[in-house]
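Novice: Below is one structure. I have some questions about it.
The values are calculated or read from the model by the stated rules, or taken from the named source; none is laboratory data. Keep in mind that this is a model prediction, so the values were computed, not measured. Positions of Cβ are generated from backbone atoms using ideal geometry, with glycine treated the same way; all protein chains shown enter the neighbour counts.
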Amino acid sequence: MSHYPATGQWTTCRVCGRHVHARQWGTWRQCPYCQAWQRLTAKQRIDQLVDADSFEPLPVVARSQNQLAFPGYATKLAQATEKTGLTEAVVAGWATIQTWPVMLIVMDSHFMMGTLNTTVSRRIMAALKQARQRQVPVIMVTASGGARMQEGIYALVGMNLILAEMARLAAVPVPVISVLTDPTMGGVSASFAFKADVVLAEAGAKIGFAGPRVIQQTMPVDLPADFQSAASLYENGAVDAVIARPELRDQLGDILASYRFQGVSTHG
Amino acid sequence: MDERLKRLRAADRLSAPTVIQALLPTFVPLHGDRVLGDDAALTAGFGRTADQQALTVLGIDRGQNVNERRQKNGGALTVPGYRTALRVLAHTEKFRMPVVSLLNMPGADASPQSEEHGQSQAIADLIAAMGQLTVPNIVVFLGEGHSGGALGFANANRVIMLDDSLFNVASPEAVAAILHGQQTVSAAIDLLPMTAAALKQRGLVDVVIDHRAPDLVATLSTQIIDLLVPLLPVMPDALIAQREEKFQAFLEQWPLN
C-alpha cells in the first residue's frame, strides 16, 4: 500500500507506524520518532528544491490508458489519479535552483509506485529533448519500483529510448544529475537513474535492481539492515554522494554552479 | 509447469553454444570482465563464418545439465557477465565486426551479490552501449528473454525469435504474481504481447522461425547472415538512428490519448 499524505492533520509514519501530526513532520517530512524520511510527493519535492515560484511545468504530452486491456489496470490508473491528483507518475518542468536554470524531472512513488510506462517515458523524453535544445542541465529525481508490468514490453522499450535521448544530451554536452530517492528500483534504476553525470542518493533511500522480497523468494538469505541503502551504495562505489534531504538543494546549487550552464535561447 | 515454458526451459532446448559452434567454424572465446570475474552463462567471442564473415557473438544459455545449470546460474546473467559483454562490444567496434546475441535467460539475477556489484549500473551501461553501437547487431531469442538484462541485448537493429520463444518486461510467473493468483501462469503468457507471433504482428520482431524446422541450426544461421548482409554497408549514425526509430515506432502504437 502507498501512503499518500492525507489531507487530515494526522498521518502514519510508513517506517515505524506511529501517528504523526502535520506540524511534527516539519519542512523536511522526517518522522520525529524514528527519524525516517517520508516519501515525498512530486509537488513536495519540487517545492523543496526550486527557487520560490520558479517551477513551470511542461505541457502534458500524454495520458495513460489500458491499451492492452490488462486485468484491473484501468481501475488502478483511475485510483492513482484520484489519490494523487496527477495524470502520471512523473512531473517535469523548467525551474531555477539557486538561480541556475534547470529542467527538473520528478517521479512520484505515490502514483502506481512511480512505475515507468509509455506515458512516463514520453514525458521524460520530451523533457530531455527540450533541455538539450536550450542546453539547460537536467535534474532527475527518481522514485520508482521499476517498469510497469501492466504495459508489458511497451513499458520496457522506454528504457532504450530514454537512454538514446540521453546519448544526444551527452553529445552536446548537457549535464545530467540524478537524485535517487526512495525507492529507485528495477527498470528505472537500470536505465537513466545510473546513467547521469553525477549520481546522488538521498539519505535513507533504498536503491537497487531486484527488491529484497524478490531476492528472498529466490534464495533464503538474511539481508543486512543496510541492504540496498544509500549509505551501502556509497560504500560500494555505486553513487557519488549521499545527501540528507535538507542539504539537497544547496548541493544541487553547488553542482550547477560548478558546471555553469546558463542555457541558450532557442530563438535565433 | 506450463507446457510452453517447460519446452523453453528444457535441458535439450537449442542453446547458444550449439548455434555458435555451427555459425562460427573458427571461434575465439573471450572470458572475464577483468575486474570482478567471469560469468559461465555467457559464451562470448569472435570468429569467422564458413563464408569468412567476421562476427562477434554473445550467447546466454541456462546450461544443459544440473551441473551446468549451477555454473551458469540458470542463465541469470550476473554483473561480470554484463561487464564482459561490454568489454567484448569495445573489441567488436575496434575491429568493425557485427554482433549477434543469442538469448535464453530468465529475468535478472536476484541475489545480494549482484546488487552489491551494481547490477543496475551494468544493465544500464549495456542498454546504452548496444543502442550506440557503431556496427550492426542482431538479437536471436532462442527461448526466454525477460526484463532489463534481455532488453540490453535486444537493443538491436534486427530481432529474430523462434516461434515459441518469449520476450517480456518480466517472466510469466511475475506477471501472474501481480494478479494475485487470479490468472494462471499459462494465462499470463497471453495477457501481454510476449510471444513471437504477438511481437511480430506489432512490428518489434523482424523474423520468426519455426522451432520444429528440420535443420533448425542451419536455418537459423542462414537467416542471421541474410539479415546481417544488408546491414554491413550501413553507416554508424544510421545504425544508431535505426535502432531508436524501431523502438520509437513501436511506442507510437500506444495512442497518446
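Novice: Any residue that is at pLDDT 95 or above, at the interface with chain B (Cβ under 7 Å from one of its Cβ atoms), buried (at least 24 other Cβ atoms within 10 Å of the Cβ) and in contact with a Ser or Thr (Cβ under 8 Å, 6 or more places away or on another chain) - is there at least one of those in region A:123-146?
Specialist: Scanning region A:123-146, I find no residue that is at pLDDT 95 or above, at the interface with chain B (Cβ under 7 Å from one of its Cβ atoms), buried (at least 24 other Cβ atoms within 10 Å of the Cβ) and in contact with a Ser or Thr (Cβ under 8 Å, 6 or more places away or on another chain), so the answer is no.
Novice: Something else about it: Do we find that residue A:189 is at pLDDT below 95 and among the small types (Gly, Ala, Ser) in this structure?
Specialist: Against the criterion (at pLDDT below 95 and among the small types (Gly, Ala, Ser)), residue A:189 does not qualify.
Residue-wise test of (1) among the small types (Gly, Ala, Ser); (2) within 30 Å of residue B:196 (Cβ to Cβ).
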residue: A:127; (1), (2): yes, no
residue: A:164; (1), (2): yes, yes
residue: A:180; (1), (2): no, no
residue: A:185; (1), (2): no, yes
residue: A:197; (1), (2): no, no
residue: A:207; (1), (2): no, no
residue: A:210; (1), (2): yes, yes
residue: A:213; (1), (2): no, no
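Novice: Return yes when residue B:156 is touching a residue at least 40 places away in the same chain (Cβ under 8 Å) and small (Gly, Ala, Ser) and no when it is not.
Specialist: yes
Conditions (1) among the acidic types (Asp, Glu); (2) at pLDDT 95 or above; (3) exposed (fewer than 14 other Cβ atoms within 10 Å of the Cβ), marked per residue:
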| position | (1), (2), (3) |
| --- | --- |
| A:4 | no, no, no |
| A:7 | no, no, yes |
| A:11 | no, no, no |
| A:21 | no, no, yes |
| A:27 | no, no, yes |
| A:40 | no, yes, no |
| A:44 | no, yes, no |
| A:50 | no, yes, no |
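Novice: Scanning for something surrounded by 13 or more Cβ atoms within 10 Å (Cβ to Cβ), at pLDDT 95 or above and of a type in the set (S, T, N, Q), does region A:70-77 turn up at least one residue?
Specialist: The answer is no; no qualifying residue exists.
Novice: Which of the numbered conditions does residue A:168 fail, given that it passes all the others? Conditions: (1) of a type in the set (Lys, Arg); (2) in contact with a Pro (Cβ under 8 Å, 6 or more places away or on another chain); (3) within 10 Å of another protein chain (Cβ to nearest Cβ).
Specialist: The one condition residue A:168 does not meet is (2).
Novice: For residues that are more than 7 Å from chain B (Cβ to nearest Cβ) and among the basic types (Lys, Arg), tally how many sit in region A:180-197.
Specialist: The qualifying residues number 0.
Novice: Search region B:230-246 for residues being part of a helix (DSSP H, G or I) and in contact (Cβ under 8 Å) with a residue 12 or more places away in the chain, and hand back the single one that is nearest to the other protein chains (Cβ to nearest Cβ).
Specialist: Restricting to residues being part of a helix (DSSP H, G or I) and in contact (Cβ under 8 Å) with a residue 12 or more places away in the chain, the top hit is B:244.
Novice: Sticking with this structure for a sec: Within 10 Å of another protein chain (Cβ to nearest Cβ) and either more than 17 Å from the chain's Cα centre (by Cα) or modelled with pLDDT of 95 or more (or both): is that true of residue B:175 in this structure?
Specialist: So residue B:175 fits the description; yes.
Novice: Given the conditions (1) within 18 Å of the chain's Cα centre (by Cα); (2) not in a helix (DSSP H, G or I), which single one is not true for residue B:225?
Specialist: Every condition holds for residue B:225 apart from (2).
Novice: If you go through region B:189-212 one residue at a time, how many are farther than 19 Å from residue B:176 by Cβ and touching a residue at least 12 places away in the same chain (Cβ under 8 Å)?
Specialist: The qualifying residues number 14.
Novice: When only residues in region B:89-110 that are farther than 21 Å from residue B:170 by Cα and in contact with a Ser or Thr (Cβ under 6 Å, 6 or more places away or on another chain) count, which is farthest from the other protein chains (Cβ to nearest Cβ)?
Specialist: B:97
Novice: Can you list the helices (runs of 4 or more DSSP H) lying wholly within region B:56-159 that have 1 or more residues being closer than 24 Å to residue B:246 by Cα and touching a strand residue (DSSP E or B) at 6+ places or on another chain (Cβ under 9 Å)?
Specialist: Details: elements: B:66-71, B:79-94, B:112-116, B:119-131, B:147-154.
Result: B:79-94, B:119-131, B:147-154.
Novice: Sticking with this one: Which of (1) touching a residue at least 60 places away in the same chain (Cβ under 8 Å); (2) under 17 Å from residue A:142 (Cα atoms); (3) at the interface with another protein chain (Cβ under 7 Å from one of its Cβ atoms) does residue A:154 not meet, given it meets every other one?
Specialist: Every listed condition holds for residue A:154 apart from (2).
Novice: Find the residue count for region A:137-169, including only residues that are more than 20 Å from residue A:94 (Cβ to Cβ) and of a type in the set (Asp, Glu).
Specialist: The number of residues fulfilling the criteria is 1.
Novice: If you don't mind, another one. I'm checking my understanding of the structure. Among residues of region B:125-137 that are touching a residue at least 12 places away in the same chain (Cβ under 8 Å) and facing another protein chain (nearest Cβ under 7 Å), which one is nearest to residue B:165 (Cα to Cα)?
Specialist: B:127
Novice: Using the structure shown, decide if residue A:65 is closer than 30 Å to residue B:256 by Cβ, in a loop (DSSP other than H, G, I, E, B) and over 20 Å from the mean Cα position of the chain (by Cα).
Specialist: When the stated conditions are applied, residue A:65 passes them.
Novice: Next up: If I filter region B:207-220 down to residues being surrounded by fewer than 17 Cβ atoms within 10 Å (Cβ to Cβ) and not small (Gly, Ala, Ser), which single residue comes out as nearest to the other protein chains (Cβ to nearest Cβ)?
Specialist: B:210
Novice: Let me ask another. Restricting region A:218-268 to residues that are in a loop (DSSP other than H, G, I, E, B) and of a type in the set (Asp, Glu), which is surrounded by the fewest Cβ atoms within 10 Å (Cβ to Cβ)? Explain how you work it out, then say what you get.
Specialist: As a first pass, look at region A:218-268 and keep what is in a loop (DSSP other than H, G, I, E, B): A:219-228, A:236-240, A:244, A:260-268.
Next, only the ones that are of a type in the set (Asp, Glu) stay: A:222, A:226, A:240.
Details: A:222: 7, A:226: 12, A:240: 16.
Of everything passing the filter in region A:218-268, A:222 is surrounded by the fewest Cβ atoms within 10 Å (Cβ to Cβ).
Novice: For region B:51-59, check the following and say yes or no: at least one residue is modelled with pLDDT under 95 and surrounded by 17 or more Cβ atoms within 10 Å (Cβ to Cβ).
Specialist: Looking for residues that are modelled with pLDDT under 95 and surrounded by 17 or more Cβ atoms within 10 Å (Cβ to Cβ), one finds none in region B:51-59, hence no.
Novice: Does any residue of region A:217-230 turn out to be in contact (Cβ under 8 Å) with a residue 60 or more places away in the chain and at positive phi? Steps first, please.
Specialist: So in region A:217-230, the residues in contact (Cβ under 8 Å) with a residue 60 or more places away in the chain come out as none.
No, region A:217-230 has no match at all.
Novice: Shifting gears a bit: For the subset of region B:170-183 comprising residues that are assigned to a loop (DSSP other than H, G, I, E, B) and touching a residue at least 24 places away in the same chain (Cβ under 8 Å), which member is surrounded by the fewest Cβ atoms within 10 Å (Cβ to Cβ)?
Specialist: Residue satisfying both the conditions and the ranking: B:171.
Novice: How many residues are at the interface with chain A (Cβ under 10 Å from one of its Cβ atoms) and over 18 Å from residue B:159 (Cβ atoms) when one looks only at region B:189-206?
Specialist: Total meeting the criteria: 1.
Novice: Another question, then. Being within 8 Å of chain A (Cβ to nearest Cβ) and either surrounded by fewer than 24 Cβ atoms within 10 Å (Cβ to Cβ) or in contact (Cβ under 8 Å) with a residue 24 or more places away in the chain (or both): is that true of residue B:113 here?
Specialist: So residue B:113 fails the test.
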